[in-house]
């Protein structure tokens, strides 16, 4: 089991943020495909935030954690 100090490191929040942006992008894509009664601009904002966040957090996670461990 992880200790509290190990769990709340910046790495945890970078990885958690990346996963959160994936979920935001999936929700935006689902709303776009299903044509729910949500304004189009709100769907596009969700998609833009999700994709931009995935790019930023994904780059941070890759550079600092995945590439470093090889």
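Just so you know, all these numbers are worked out from the coordinates, no wet-lab data involved. All of these numbers come straight from a predicted model, not from anything done at the bench. For neighbour counting, all protein chains shown are included, and Cβ atoms are generated from backbone atoms with ideal geometry for every residue, glycine included.
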Study note, to complete from the structure: Inter-part gap, Cα centre of region 40-70 to Cα centre of region 9-30, in whole angstrom, is 7 Å
Point to revise | Equivalent ellipsoid dimensions for the chain as semi-axes, Å, which come from the Cα gyration tensor, largest first | key: 30, 13, 8
Study note, to complete from the structure: So for R0 = 25 Å, FRET eff. of residue 45-residue 9 from the Cβ-Cβ r, to 0.05, ends up at 0.25
Practice item. Give me the angle, in degrees from 0 to 90, between the Cα long axis of helix 10-34 and the longest principal axis of the Cα atoms of the chain, rounded to the nearest 10. Key: 20 degrees
Review point. Angle between the Cα long axis of helix 40-61 and the longest principal axis of the chain, 0 to 90 degrees, nearest 10?
Key: 20 degrees
